[in-house]
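Okay, structure first, notes after.
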Amino acid sequence: MGRTHVNMGIPLYRLKEAQARLTATLDERLNSEVFTWRYYWNTVRRCKLYDFAQHVWTDFDGRITSQPMVQGR
């Protein structure tokens, strides 16, 4: 996966506003995805908990479901 999800709880009707604010703040560091229901449900299925020690997303059983999010790891 290798991407950070800022907040999957942002309501769909606020995505454009959130995107604009992030773009203004993060510029070239921002990697955005075109919203599709397939992408959304795949993300919800894979990304349950964030392990800050390892910088990875895990499922509820602690299995890693993404690559480390910190550069240089």
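FRET efficiency for the pair residue 19 and residue 49, taken as 1/(1 + (r/R0)^6) with r the Cβ-Cβ distance and R0 = 25 Å, rounds to 0.55. Each residue of region 58-64 was assigned a 3J(HN,Hα) from its phi angle through the Karplus curve 6.51 cos²θ - 1.76 cosθ + 1.60 (θ = phi - 60°); the sequence is 10, 8, 5, 8, x, 6, 5 Hz, with glycine and proline shown as x. Cα gyration tensor of region 13-73, axes a ≥ b ≥ c as square roots of the eigenvalues: rounded (a/c below 1.5), prolate (a/b > b/c) or oblate? Verdict is oblate for region 13-73.
Carbon-plus-sulfur accessible fraction, region 9-73 (probe radius 1.4 Å, protein heavy atoms only): 55%. For residue 66, the residues whose modelled amide H falls within less than 5 Å of its own, excluding neighbours fewer than 5 places apart on the same chain, are 57.
Extending 7 Å from the Cα toward the beta-carbon at both residue 63 and residue 10 defines two label points whose distance is 3.0 nm.
The values are calculated or read from the model by the stated rules, or taken from the named source; none is laboratory data. No experiment lies behind these values; they were computed from the predicted model shown. Virtual Cβ from ideal backbone geometry, glycine too; neighbours counted across all protein chains shown. Just so you know, the surface numbers come from the protein's heavy atoms only, side chains and all, with ligands and any DNA or RNA stripped out. Shrake-Rupley method; radii C 1.70, N 1.55, O 1.52, S 1.80 Å.
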